[in-house]
C-alpha cells in the first residue's frame, strides 16, 4: 500500500509541471528548480524520457522537444546565478540535441528566435571561457537554421562579428569567429 502511495505521489509531482511554455523574453523562461549540479538531476532525464514516450502525435513531440530545449536554457540561467558556469557547456550540448532534430515549423522558428536573444543576453553574465565558447558556438549553429527571420539571423551575425573583435579572445578564436560571422552574413 505504501509503495502505491509513494508511486502515485511521485507521478503527480513528476507530471504536475509538464507544460509547454512559449516565453516571450528572458525573464519569462524563469529558472530551473533542478539544475545539473543537483543530485536529483537524473529525475529530469527520467521525466523527459517518459514525456517523450507519452507524446502521441508529431506535434506533441515537437512541443516537448521545444520545452526540453527551453528547460536547458533555464538550467543555464540557474547555473550562471549559482556560479556553476563550468557545467554550462554540457547543458548547451543537450540543448542542441533537442533543437537539432526539429523541423523548421513556425513553433520551432519562434522558439529559436527567442532562444537566440536569450543566449546573447546571458552571454553578458558569463565569466567561464568554456561557457562563453559554448554559447558562441550555439549562436552560430542556430543562425544557420534555414527558416529563421533575416533580422534575427543578422542580429546573430552581428553578435559573432562583435565577439570576433573582442580583446578577450586569442588570435585563433578571433579568426574562427570572424570566419563564422562572415559566413553568417552570406547565408
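Some notes on this structure:
- If you filter segment 128-147 down to residues that are in contact with a helix residue (DSSP H, G or I) (Cβ under 6 Å, 6 or more places away or on another chain) and either more than 27 Å from residue 87 (Cβ to Cβ) or without any contact (Cβ under 8 Å) to a residue 40 or more places away in the chain (or both), you find that the one that is surrounded by the fewest Cβ atoms within 10 Å (Cβ to Cβ) is 147.
- For segment 156-187, the tally of residues that are surrounded by 18 or more Cβ atoms within 10 Å (Cβ to Cβ) and closer than 18 Å to residue 124 by Cα stands at 8.
- With respect to being without any contact (Cβ under 8 Å) to a residue 12 or more places away in the chain and either in a helix (DSSP H, G or I) or under 13 Å from the mean Cα position of the chain (by Cα) (or both), residue 77 falls outside the description.
- Candidate set from segment 27-50 (those that are touching a residue at least 40 places away in the same chain (Cβ under 8 Å) and over 16 Å from residue 87 (Cα atoms)); member that is surrounded by the fewest Cβ atoms within 10 Å (Cβ to Cβ): 30
- Residue-level analysis places residue 68 outside the set of residues that are buried (at least 19 other Cβ atoms within 10 Å of the Cβ) and closer than 20 Å to residue 160 by Cα.
- Residue in segment 132-149 that is over 13 Å from the mean Cα position of the chain (by Cα), at pLDDT below 95, assigned to a helix (DSSP H, G or I) and closer than 24 Å to residue 61 by Cα present: yes
- Any hit, segment 154-176, residues being touching a residue at least 24 places away in the same chain (Cβ under 8 Å), in contact with a helix residue (DSSP H, G or I) (Cβ under 7 Å, 6 or more places away or on another chain) and not in a helix (DSSP H, G or I): no
- Residue 101 modelled with pLDDT under 95, surrounded by fewer than 16 Cβ atoms within 10 Å (Cβ to Cβ) and closer than 24 Å to residue 173 by Cα: no
- Contact map, segment 100-116: first residue assigned to a loop (DSSP other than H, G, I, E, B), second residue surrounded by fewer than 16 Cβ atoms within 10 Å (Cβ to Cβ), Cβ cut-off under 6 Å, separation 6 or more or different chains; pairs are 104/146; 104/147.
- Criterion violated by residue 81 - all others in (1) within 22 Å of residue 144 (Cα to Cα); (2) surrounded by fewer than 18 Cβ atoms within 10 Å (Cβ to Cβ) satisfied: (1)
The values are calculated or read from the model by the stated rules, or taken from the named source; none is laboratory data. Note that the structure is predicted; figures quoted are calculated from it, not measured. Here the Cβ is made from the backbone with ideal geometry for all residues, glycine too, and neighbour counts use every protein chain on show.
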